[in-house]
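Please read the structure below before turning to the comments.
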Amino acid sequence: MWQVIGQTRAVALLQRSLETDSLAHAYLFIGPAHVGKMKLALNLAQALNSEAAEPPCTQCVSCQKVASAKHADIQILGLSHDGNSTGDRPRAEISIDQIRQVQHSASLPPFEGRYKVFIIDEAELLSIEAANCLLKTLEEPIGKVVFILLTTNERLLPATVVSRCQLVELFPMPVGEIETALNRNWGVEPEKARLLARLSHGCPGWAISAALDDSLLHHRAEWLDGLLDIVNADCEERFAYAAQLVAQFSQNRGFVHERLNLWLDWWRDLLLVKVDSIDNVTNIDRLDKLSDIARGYSLAQIRAFIRSIQAAGVQLRQNANPRLVLEVLMLDIPEVKRGEGVLLPDLR
Ligand SMILES: [Zn+2]
């Protein structure tokens, strides 16, 4: 039984390949973070090595070894999975050495299963040399070896690599389905399931993690409070906050993008509340606060700041100077309009 939630099209495609013995040597799973790419890759690795008649069974010794990352023929590599990074700074790329090790391992026959499976997480982080090195392997497939590359954005991978892979797209699920799954499969109480499903943006991995680990929701509340405080702070405090983010950015880029996404959700919610589209609000647990705050801004102000947050995200991804980007964003925070309660005409 495939354990990935939703993704019926992707599962059907892989199931058909297994049944008709028409497996590709390399797959590229494309989809947003937490949508289920790694789960699906592990399910495929299980299916390829399962001892059951209808794989993946998830119950046999082989399937359980894959699930607990103890199967000798399944290797996962990526930035967070190699033990070779030196010093305190996380390495920003998947290196050619990692790929050379993979090539060596791929040249040896399976140790305990039928197939060797190499899962490359965040494949867009392959260095140019690593990608070229991998390309050679993909161009000369080895029997009983399957590569599964995972990415949020295939455009960040060399076209030559992409063209050697069978593409499998994973899509965000309807929020209602995640809500039901959380409630039914994980016993999450309805109100919390509703909130987590919305915060997950259709990507069940995050919602499940947050259901099992309360600290995720707790941190989200803290971060959101911090971002809301900044809106009411003076210029000096805003710049100090920007400086904090810049320091964090040099350590962990994802951390800052997460903050920006949180802020983006918040301001989108303000927009939705402003146009009375409450059903689509993400931060459903803060509806009263959203309504209060929305009264202080015009639609044009909210829209303009949403564009500013989006632009900041794009600029950071394009390696613009983070201090400059984040300080400009702080300056773009709109002023609360006086005479609140009046919906100003949208002049933009
Ligand atoms: Zn099995």
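The values are calculated or read from the model by the stated rules, or taken from the named source; none is laboratory data. All of these numbers come straight from a predicted model, not from anything done at the bench. Virtual Cβ from ideal backbone geometry, glycine too; neighbours counted across all protein chains shown.
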Pairs, first of a type in the set (A, V, I, L, M, F, W, C) in region 213-237, second outside any helix (DSSP H, G or I), C-beta under 7 Å, six or more apart
VAL231/ILE333
Of everything in region 48-59 that's of a type in the set (Gly, Ala, Ser) and within 8 Å of the ligand (Cβ to nearest atom), which residue is farthest from the chain's Cα centre (by Cα)?
ALA52
Could you tell me which of the residues PRO109, PRO141 is modelled with pLDDT under 90 and away from the ligand (no atom under 16 Å from the Cβ)?
PRO141
Please enumerate the residues belonging to region 165-194 that are closer than 21 Å to ASP279 by Cβ and either buried (at least 21 other Cβ atoms within 10 Å of the Cβ) or in contact with a Lys or Arg (Cβ under 7 Å, 6 or more places away or on another chain) (or both).
MET173, VAL175, ILE178, GLU179, LEU182, VAL188, ALA193
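For every residue, the table says whether it meets (1) among the aliphatic types (A, V, I, L, M); (2) within 19 Å of the chain's Cα centre (by Cα).
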position	(1), (2)
GLY143	no, no
VAL146	yes, no
PHE171	no, yes
TRP186	no, no
GLU189	no, no
HIS218	no, no
VAL231	yes, no
GLU237	no, no
Name every residue in region 60-75 that is more than 6 Å from the ligand (Cβ to nearest atom) and polar (S, T, N, Q), in order of residue number.
GLN64, SER68, GLN75
Looking at the structure I just gave you, is ASP269 free of Cβ contacts under 8 Å to residues at least 24 places away in the same chain and exposed (fewer than 15 other Cβ atoms within 10 Å of the Cβ)?
no
Within region 33-47, the residues that are in a helix (DSSP H, G or I), among the aliphatic types (A, V, I, L, M) and more than 10 Å from the ligand (Cβ to nearest atom) are MET38, LEU40, ALA41, LEU42, LEU44, ALA45
Just to be sure I understand the filter: pairs with C-beta atoms under 6 Å, separated by 6 or more residues or on different chains, first member in region 184-205 and in contact (Cβ under 8 Å) with a residue 40 or more places away in the chain, second member of a type in the set (Phe, Trp, Tyr). Which pairs pass?
SER200/TRP206
Those residues of region 238-260 which are without any contact (Cβ under 8 Å) to a residue 40 or more places away in the chain and either in contact with a Gly (Cβ under 9 Å, 6 or more places away or on another chain) or outside any helix (DSSP H, G or I) (or both), in sequence order:
ARG259
Quick one: would you say ALA69 is of a type outside the set (Ser, Thr, Tyr), in a loop (DSSP other than H, G, I, E, B), touching a strand residue (DSSP E or B) at 6+ places or on another chain (Cβ under 9 Å) and farther than 26 Å from MET173 by Cα?
yes
Taking region 1-23, which residues are away from the ligand (no atom under 15 Å from the Cβ) and out of contact with any helix residue (DSSP H, G or I) (no Cβ under 7 Å at 6 or more places or on another chain)?
THR8, ARG9, VAL11, ALA12, LEU13, ARG16, SER17, GLU19, THR20, ASP21, SER22
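For (1) assigned to a loop (DSSP other than H, G, I, E, B); (2) within 24 Å of GLN46 (Cα to Cα), each residue gets a yes or a no:
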residue	(1), (2)
LEU138	no, yes
PRO141	yes, yes
ARG155	no, no
VAL168	no, yes
MET173	yes, yes
VAL188	yes, no
ALA193	no, no
GLY205	no, yes
SER209	no, yes
Verdict on LEU245 being touching a Phe, Trp or Tyr at 6+ places or on another chain (Cβ under 9 Å) and under 22 Å from THR282 (Cα atoms)
no
Of the residues in region 90-106, how many are more than 23 Å from ASN43 (Cα to Cα), small (Gly, Ala, Ser) and surrounded by fewer than 17 Cβ atoms within 10 Å (Cβ to Cβ)?
1
